[in-house]
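Trainee: Submitted below is the structure of interest, expressed as structure tokens.
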Amino acid sequence: MEFRDDITAFDSVKHDIVGEKGYYNCQISAKLFEILEENGIETHFVKLLEPNKMLVKKLEIIPLEVIARNIAAGSITRNYPIKEGTVFERPIVMLDYKDDAYHDPLLNDDIALAMGIATEKELEEIKHIAIRVNDVLKKYFASIGILLPDFKIEIGRDKDGKLLVADEVSPDSCRLWDAKTKKSLDKDNYRFDKGDVLAGYKEIYRRMFGDPQ
Ligand code: UDP
């Protein structure tokens, strides 16, 4: 899997190139996959091949954006009367249908079943995986002074039908806020022109890997 320097938002209506973004996302994603594996959550990650390339297992990707939320931000504050920053005592898991042509609409189990996206058992397992990933990532990011308001993962089936976390886990796919200042260190800086997107990714990298020698 190659991590490119392209950055997109709003169903790719906004598109730019941010130099070095591929490198940072690849390294951050690799480490987060390793942390998930250490905590007993299987992922498609095998090993890093190059600074912006990783070897991953071949999976059949389920067309879902599996989203977990701890603090309200983004679409949940636009679509429901929930104020940004509201802390959810119980994490919210949402399954969106991954298709830009339909603007990734929110699904429920009945719609997902009717569309044949996944079985009932798989849907239960997908939600369970989302909660476990959330527990691990939330704890890890807290240890480096970062809040995890929400994130998106994708899940795929291997040849035996086993479900594994796939795609990437990076500041492109997670909201990550500095715990003290509540400032975004993630792709929202690009989406909403809030600040220097690469500087945020570098700061996350620095907290995860330490200062360069
Ligand atoms: N997300 C993503 N890809 C998408 C849509 C969302 O990785 O196509 C991530 C996003 O970074 C955030 C979470 O999923 O961490 C929830 O996003 P939300 O539904 O709030 O969408 P947004 O407000 O970004 O449109």
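Bear in mind these aren't lab numbers, they're just calculated from the coordinates by the rules spelled out. A quick note: this is a predicted structure, and the numbers were derived from the prediction, not measured. Cβ placement follows ideal geometry from the backbone for every residue including glycine, while neighbour counts extend to all protein chains displayed.
Trainee: Answer yes or no: is there a residue in the range 143-150 that is buried (at least 18 other Cβ atoms within 10 Å of the Cβ) and free of Cβ contacts under 8 Å to residues at least 24 places away in the same chain.
Mentor: Of the range 143-150, the ones buried (at least 18 other Cβ atoms within 10 Å of the Cβ) are 146-150.
After this cut, where a residue has to be free of Cβ contacts under 8 Å to residues at least 24 places away in the same chain as well, the list is none.
Looking for residues that are buried (at least 18 other Cβ atoms within 10 Å of the Cβ) and free of Cβ contacts under 8 Å to residues at least 24 places away in the same chain, one finds none in the range 143-150, hence no.
Trainee: Looking at the range 102-135, which of its residues are more than 16 Å from the ligand (Cβ to nearest atom) and surrounded by 13 or more Cβ atoms within 10 Å (Cβ to Cβ)?
Mentor: Looking only at the range 102-135, we keep the residues that are more than 16 Å from the ligand (Cβ to nearest atom), and these are 109-125, 128, 132, 135.
Answer for the range 102-135, where residues must be more than 16 Å from the ligand (Cβ to nearest atom) and surrounded by 13 or more Cβ atoms within 10 Å (Cβ to Cβ): Asp109, Ile111, Ala112, Leu113, Ile117, Ala118, Glu122, Leu123, Glu125, Arg132, Asp135.
Trainee: Would you check which residues across the range 61-79 are more than 10 Å from the ligand (Cβ to nearest atom) and under 25 Å from Met115 (Cα atoms) and list them? Outline the logic, then answer.
Mentor: Within the range 61-79, the subset more than 10 Å from the ligand (Cβ to nearest atom) is 61-64, 70-71.
Across the range 61-79, the qualifying residues are Ile61, Ile62, Pro63, Leu64.
Trainee: Working carefully through the options Arg175, Arg157, find the one that is closer than 26 Å to Lys57 by Cβ and crowded, with 16+ Cβ neighbours inside 10 Å. Can you show your working first?
Mentor: Values: Arg175 fails: closer than 26 Å to Lys57 by Cβ.
Step by step, each of Arg175, Arg157 is checked, and only Arg157 is closer than 26 Å to Lys57 by Cβ and crowded, with 16+ Cβ neighbours inside 10 Å.
Trainee: Could you check how many residues of the range 28-60 are out of contact with any Ser or Thr (no Cβ under 7 Å at 6 or more places or on another chain), outside any loop (DSSP other than H, G, I, E, B) and more than 14 Å from the ligand (Cβ to nearest atom)? Write out each step before concluding.
Mentor: Initially, the range 28-60 is screened for residues out of contact with any Ser or Thr (no Cβ under 7 Å at 6 or more places or on another chain), giving 30-32, 34-35, 38-60.
Within this subset, residues satisfying the condition of being outside any loop (DSSP other than H, G, I, E, B) are 30-32, 34-35, 38, 43, 45-50, 53-56, 60.
Restricting the remaining residues to those that are more than 14 Å from the ligand (Cβ to nearest atom) gives 30-31, 34-35, 38, 43, 45-50, 53-56, 60.
Total satisfying the criteria: 17.
Trainee: With the checklist (1) part of a strand (DSSP E or B); (2) more than 13 Å from the ligand (Cβ to nearest atom) in hand, flag the one item Tyr205 doesn't pass.
Mentor: Condition (1) is where Tyr205 drops out.
Trainee: Here's another thing I want to ask about it. Quick check on Tyr80: is it over 21 Å from Ala166 (Cα atoms) and among the aromatic types (Phe, Trp, Tyr)?
Mentor: Details: over 21 Å from Ala166 (Cα atoms): yes; among the aromatic types (Phe, Trp, Tyr): yes.
Criteria met by Tyr80.
Trainee: Give me a count of the residues in the range 87-100 that are touching a strand residue (DSSP E or B) at 6+ places or on another chain (Cβ under 7 Å), surrounded by fewer than 16 Cβ atoms within 10 Å (Cβ to Cβ) and assigned to a loop (DSSP other than H, G, I, E, B).
Mentor: Total satisfying the criteria: 0.
Trainee: Any residue at all in the range 165-188 that is closer than 28 Å to Ile129 by Cβ, assigned to a helix (DSSP H, G or I) and within 15 Å of the ligand (Cβ to nearest atom)?
Mentor: yes
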